[in-house]
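Chemist: Below you'll find the structure I mean.
The values are calculated or read from the model by the stated rules, or taken from the named source; none is laboratory data. This is a predicted model, so every value here is computed, not measured. As a convention, Cβ positions derive from the backbone with ideal geometry for all residues, glycine included, and neighbour counts pool all protein chains shown. For the accessible areas, the whole protein counts, side chains as well, though only heavy atoms, and no ligand, DNA or RNA atoms are used. Shrake-Rupley method; radii C 1.70, N 1.55, O 1.52, S 1.80 Å.
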Amino acid sequence: MMDLTASQIAAITGGTLSPGTDPATVITSVATDSREVTDGTLFVAKPGEVADGHDFIPAARTAGATLVLAERETTDDAGRPHPAVVVPDAVVAMGALAADHVARLRAAGPLTVVGITGSAGKTTTKDLTMALLATLGPTVGPIGSYNGEVGVPLTVFTAGPGTRYLVIEMGATQRGNIAYLADLVRPDLGAVLMVGTAHLGEFGSVENIVATKGELVEALPAAGTAVLNHDDERVRSMAQRTGAAILWFTADPHAGELPEAASAVRATDLHTDADGHPVFTLHLPAGPAGAASEHEVRSRLIGIHHIGNLLASAALAHAAGVPGADIAAVLTSSGAVSRWRMERTDRADGVTVINDAYNANPDSMRAALRTLAALGADSGRRTWAVLGAMLELGEDSIAEHDAVGRAAVRLNIAQLVVVGEGARAMHTGAVMEGSWGDESQWVPDVAAAEAVLADRLRPGDIVLVKSSNGAGLRHLGDRIAWGPMSSQDTDEGPAAPEVPAP
C-alpha cells in the first residue's frame, strides 16, 4: 500500500474529516478486521450482517490504527472523536481507494492486471496463474477467495510500487457486480472459465449469469486479451462482447479441426493417473514468448475437471509472455494452494480423505463424484461420498439435489451419506435410482455424519466430503482427516471479511 494522508483519503472518497483529525495523518495499510490492525493502519468500520465494524473501532485504535474510515463519527471513552474520514458508504469508499491505488501503481511502473471469473474454478485458476506469473516478476493476488466488493479492494491494497502482476478473482451475486469490480482494477487480461448454475436462486436465470460473467470481457481494452473457454458454448458467445484479442482454451479432442484452433491453448492425450492427477500434452500457439510449442504436463491437482483451470491459467500466462517450458514446469509442480479444494489426506490407517467442501454447485458436485468414482475404479477401494447442501439454488434446489443423489448411484459410489435437511433430496434421489440397504443414508447434522464414519470407515476407504461453504462440512472433513481435535480455523490467511461470491 502506498502511503496516503487523511486529507487525500477524504478527497478520493468524498468524505469529511471528523473534528480534530489531523489532515496530515498518514496510513500505510488497510484492514476491515480489528485483529489484523498494525501501526499505521486505516481501519474500515464496515457494517456487516453479523457485526458492525464501528463497534470495533476502540480495539482497532488500541492495536495501532492511525485513522478510521467510518459511516458515522464515534468517540473514545473521554468523549473525543476518533480520527476518521466519514463517508456515506464505507464499502463504496474502499472501492474508490482501490481504484485510486491501481492508478497510482500504474503510474509508478509497469503493471498488468489479470481478472478471473466463472461459476467454478476461480480460486484454483487464480492460484495457478499467480504461480505462473511469479516467474516473470513480483505478483500479488487474493488470499483464499477474496473476490467481492470488499475482498478485491483488500487484495489491491496489498500491492506496492514493485508489483508487476496483480491477479484479481471476481465473484458476483447479481448483474453489475463484475462490471463494478472491473471498473476498480481495469484488467488488461481477463479469463472466463465456465458458466454453470451456481447461485441460480440469486441470479434468477442462467442468462443473467452469462450476462454478468461477460461483464469482465466487456471491460477489457482493445490492447488486452480475453481468455475464453471454447468448450462452454455460453462462454464462447462472449467473444462478441469484447474488442480485445481472443485466446481460446479447449480440451475438446476435435479442437484441432476448428478454424480458430491455431490460436488456442489446447490439451490432448488427456487422462488421469492412478492418483487422479490430470496428465496431458499442452499445446501453445505462437505468442509473445515465441513460436508454437508442445509440452507434457502431469498436474498435482486431483480430478480431470481441473483441466479447464489448468488451461485457463496456461493461456493467461502465455498471453503475458511466460515461456512454454516454464508454463509446463509450473503446472506440473503446482498442487492445491487454497484450502478445501480437493484437498487429499492419506491417514495412517489407509483411509484417504478428499475434502472439497469449500463450495458446491451441481456442476462441481458431479465433477467431484466422477473423480471419486475413477479413483475407486482404478484402485478397487471402497468409495464414500459425504455430501451436504448446495446453497442458493432457488426453486431448482430439490431437483438439483435429487439429481446429484441419482448421479452418485449411477457412478457406483459405494456409500452415500447425505447431511442436513437442505440436502435430503440427494438421499431420496439415490433411493429412487436404486440404492438399497445402507448404501445411502440421510443424517440430520455433521455430528451424526461423523458418528457414522467413525463406526463404519475401514482401512483403504476413499472419502469425498463436499458441500457449500455454509453447510460446514469442510470442518467435518478436517476432523475425519486429522482427528477430532483438528482446528476449525485453519483457513488460508486471516479470517475472511466476507462470504466469497460465486
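Chemist: Each residue of segment 220-232 in order: what ³J(HN,Hα) in whole Hz does its phi give by Karplus 6.51 cos²θ - 1.76 cosθ + 1.60, θ = phi - 60°, with x for Gly and Pro?
Modeler: Couplings: 6, x, 4, 7, x, 9, 9, 9, 10, 7, 6, 7, 10 Hz.
Chemist: What's the center-to-center distance, using Cα atoms, between segment 145-162 and segment 299-348 in Å?
Modeler: Distance between centres, Cα-based: 22 Å.
Chemist: Of all chymotrypsin sites (Phe, Trp or Tyr not before Pro) in segment 231-327, which ones are in loop regions per DSSP and have a Cβ with at most 14 other Cβ atoms within 10 Å?
Modeler: Details: sites: 248, 249, 280; in loops: none.
The qualifying sites: there are none.
Chemist: Shape of segment 119-185 from its Cα gyration tensor (a ≥ b ≥ c, root eigenvalues): rounded if a/c is under 1.5, otherwise prolate when a/b > b/c, or oblate?
Modeler: Oblate shape, in that a/c is at least 1.5 and b/c is the bigger or equal ratio.
Chemist: Going by the alpha-carbon gyration tensor, a ≥ b ≥ c the square roots of its eigenvalues, is segment 230-380 rounded (a/c under 1.5) or, if a/c is not under 1.5, prolate (a/b greater than b/c) versus oblate?
Modeler: prolate
Chemist: Is it possible to state the helix-based mean residue ellipticity at 222 nm for the chain, with each DSSP H run of 4+ residues giving -39500 (n - 2.57), the sum divided by total residues, to the nearest 500 deg cm²/dmol? What is it?
Modeler: Values: 17 runs with 169 residues, N = 502.
After summing the helix terms and dividing by the residues of the chain, the value is -10000 deg cm²/dmol.
Chemist: Then there is this: Which of the trypsin sites (Lys or Arg not before Pro) found in segment 20-120 are loop residues per DSSP with 15 or fewer other Cβ atoms within 10 Å of their Cβ?
Modeler: Working: sites: 35, 61, 72, 104, 106; in loops: 72.
Here the sparse-neighbourhood loop sites are 72.
Chemist: Taking amide H atoms as placed 1.01 Å from N in the peptide plane, list the residues 5 or more away in sequence, or in a different chain, whose amide H sits under 5 Å from that of residue 75.
Modeler: 82
Chemist: Right, next: Once amide H atoms are built 1.01 Å from N in the peptide plane, which residues 5 or more positions from residue 168, or in another chain, come under 5 Å H to H?
Modeler: Under 5 Å from the amide H of residue 168 lie the amide H atoms of 114, 115, 116, each far enough along the sequence or on another chain.
Chemist: Check which residues have an amide H placed less than 5 Å from residue 30's amide H, if you skip close sequence neighbours.
Modeler: 42
Chemist: Sticking with this structure for a sec: How tilted is helix 90-108 with respect to the longest principal axis of the chain? Cα atoms for both, answer in degrees (0 to 90, nearest 10).
Modeler: Computed tilt is about 90 degrees.
Chemist: Right, something else. Leaving out ligands, DNA and RNA, what percent of the accessible area of segment 253-315 is carbon and sulfur, probe 1.4 Å?
Modeler: 54 percent
Chemist: Highest mean first, how do 75-84, 404-413, 10-19, 226-235 rank when packing is the count of other Cβ atoms within 10 Å averaged over residues?
Modeler: Top of the packing list down: 226-235, 404-413, 10-19, 75-84.
Chemist: Dividing the alpha-carbon Rg of segment 22-141 by 2.2 N^0.38 Å yields what?
Modeler: Normalised by 2.2 N^0.38 Å, the Cα Rg of segment 22-141 equals 1.28.
Chemist: Using mean Cβ contacts within 10 Å as the protection proxy, how do 314-327, 40-53, 205-218 order, highest first?
Modeler: 314-327, 205-218, 40-53
Chemist: Shifting gears a bit: How are the C-alpha pair distances of segment 379-437 spread across 10 Å bins, as whole percents from the shortest bin up?
Modeler: Percent of pairs per bin, in order: 26, 55, 17, 2.
Chemist: Once you order the gyration tensor axes a ≥ b ≥ c over the Cα atoms, which shape class does segment 144-270 get: rounded for a/c under 1.5, otherwise prolate or oblate by comparing a/b with b/c?
Modeler: oblate
Chemist: I need the Kirkwood Rh of the chain: take the reciprocal of the average 1/r across all distinct C-alpha pairs and report it in angstrom. Write out the running numbers ahead of the final one.
Modeler: Values: mean 1/r = 0.0419 Å⁻¹.
In the chain this quantity evaluates to 23.9 Å.
Chemist: Also, I was wondering about something else. Give the Rg/Rh ratio for segment 247-308, taking Rg as the radius of gyration of the Cα atoms and Rh as the Kirkwood radius, to two decimals. Before the final figure, lay out the partial values.
Modeler: On the way: Rg = 12.1 Å, Rh = 12.1 Å.
Taking Rg over the Kirkwood Rh, I get 0.99.
Chemist: So what are segment 177-243's ellipsoid semi-axes, whole angstrom, largest first, if each one is the square root of 5 times an eigenvalue of the alpha-carbon gyration tensor? Before the final figure, lay out the partial values.
Modeler: Working: eigenvalues 78, 42, 14 Å².
Each semi-axis is √(5λ); the values are 20, 14, 8 Å.
Chemist: For segment 1-128, give the share of DSSP beta bridges that are antiparallel, in percent and rounded to the nearest 5; count only bridges with both residues there.
Modeler: Details: 6 of 15 bridges.
Bridges in segment 1-128 are about 40 percent antiparallel.
Chemist: Using only alpha carbon pairs under 8 Å that are at least six residues apart, calculate the relative contact order of segment 276-381 and give it in whole percent.
Modeler: Numbers: 139 pairs, mean separation 25.5, N = 106.
The value is 24 percent.
Chemist: From the phi of every residue in segment 66-77, what ³J(HN,Hα) in whole Hz does the Karplus formula 6.51 cos²θ - 1.76 cosθ + 1.60 yield, where θ is phi - 60° and glycine or proline is x?
Modeler: Running phi through 6.51 cos²θ - 1.76 cosθ + 1.60 with θ = phi - 60° gives 7, 8, 10, 9, 9, 9, 7, 6, 10, 10, 7, 5 Hz.
Chemist: While we're looking at this one, here's another question. Counting heavy atoms of the protein chains only and a 1.4 Å probe, report the per residue accessible area for the chain as a whole number of Å².
Modeler: Numbers: 19400 Å² over 502 residues.
Here the residues of the chain average 39 Å² of exposed surface.
Chemist: Quickly rank 360-366, 286-292, 349-355 as a protection proxy: mean count of other C-beta atoms within 10 Å, highest first.
Modeler: Averaged packing, sorted descending, gives the order 360-366, 349-355, 286-292.
Chemist: For segment 444-453, take each phi angle, set θ = phi - 60°, evaluate the Karplus expression 6.51 cos²θ - 1.76 cosθ + 1.60, and give the result in whole Hz per residue in order, putting x for glycine and proline.
Modeler: So the J values, rounded to whole Hz, are x, 7, 5, 4, 5, 5, 4, 5, 4, 5.
Chemist: Output the antiparallel fraction of DSSP beta bridges having both residues in the chain, as a percent to the nearest 5.
Modeler: On the way: 22 of 71 bridges.
Of all bridge pairs located within the chain, approximately 30 percent are antiparallel.
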